[in-house]
Amino acid sequence: MNYKKINDVRRKTREKRPIIHCITNPISINLCANGVLAIGAKPVMAEHPLEVQEITQNADALVLNLGNITDVRMQSIKLSAKTAQKYNIPFVIDAVGIACSELRRKFIKEVLKESRPTVIKGNYSEIYALYEDCYRNSGVDADDALDIEKISEISVKLAQYYGTIILASGKT
């Protein structure tokens, strides 16, 4: 994408001021809200299960984050993902910690059975854990042993399998 296209996207975002519904964790909620504001959009940081469907239905996009997962957040993520799917609202799911937590690995796969995010985002370890169920990493940081070539191949396979975009973050 060249600078002209990037600037055009920025201009259109600031003109439209889309509503971005974020279900994230308390650790990053302020950063996410400020990031959404910085691009000219409007954040809604709602996670109560009794309101997330209505808020998602009225949003222009949805961002889901598995960090610091709780029962309530899991319920809200599922409800919002289904709502986004039903109303064709683009959404991103960030696979935080699925390489070090069986609970999160199982949960993201449940969400992916019921809905198709626009983007699945994760670091190299998280993307690898989504592909290779027996893979484990000790924390939420990417495993330095995983290289870009291997993750690129896996990302293509996952993108085809889930019918979505895979965004793998790493050193490069």
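The values are calculated or read from the model by the stated rules, or taken from the named source; none is laboratory data. Here the structure is a predicted model, which is why all the values come from computation and not from measurement. Heads up, the Cβs are rebuilt from the backbone with ideal geometry, glycines too, and the neighbour counts pull from every protein chain shown. Areas reflect the complete protein model, heavy atoms only, side chains present, ligands, DNA and RNA absent. Shrake-Rupley method; radii C 1.70, N 1.55, O 1.52, S 1.80 Å.
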Requested in this report: In whole Å, largest first, what are the principal axis extents of the Cα atoms in the chain?
Outcome: 43, 42, 29
Query - Whole-angstrom Cα spans of region 83-172 along principal axes, big to small - result: 40, 26, 18
Query - Along each principal axis, Cα extent of region 119-172, largest first, Å - result: 29, 24, 17
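With an 8 Å cut-off on Cα pairs and a minimum separation of 6 or more residues, tell me the relative contact order of region 23-172 in percent. Could the numbers behind the result be given before it?
Numbers: 228 pairs, mean separation 28.8, N = 150.
With pairs under 8 Å counted, the relative contact order is 19 percent.
Could you compute the longest span of the chain free of trypsin sites (Lys or Arg not before Pro) located in DSSP loops and having at most 15 other Cβ atoms within 10 Å, not counting the site residues?
Numbers: sites that count: 136, 171.
Counting only loop sites that pass the neighbour cut-off, the longest clear stretch is 1-135.
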Report task. Report the accessible area of residue 44, computed with a 1.4 Å probe over the heavy atoms of all protein chains in place, in Å² rounded to the nearest 10. Result -> 40
Query raised in the report: If only Cα atoms are counted, what is the Rg of region 16-98, and what is its Dmax, in Å?
Result: 11.6, 34
Query - For region 14-30, Karplus couplings with θ = phi - 60° (6.51, -1.76, 1.60), whole Hz, Gly/Pro x - result: 5, 5, 6, 6, x, 8, 10, 8, 10, 10, 10, 9, x, 5, 10, 4, 5
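For 37, 50, what's the largest-to-smallest order of accessible area, 1.4 Å probe? Please report the intermediate quantities before stating the final value.
On the way: 37 95, 50 155 Å².
Reading off the accessible areas and sorting them downward yields 50, 37.
Within region 1-160, what is the number of lysine pairs with alpha carbons under 12 Å apart, leaving out pairs fewer than eight places apart on the same chain?
Working: 16/42; 78/109; 78/113; 82/113.
The number of close lysine pairs in region 1-160 is 4.
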Query raised in the report: Mind checking Rg over Rh on region 53-110, alpha carbons, Kirkwood formula for Rh?
Result: 0.98
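Would you mind getting the accessible area per residue of region 1-119, heavy atoms of the protein chains only, 1.4 Å probe, in Å²?
Details: 6660 Å² over 119 residues.
Counting only protein heavy atoms, the per-residue value for region 1-119 is 56 Å².
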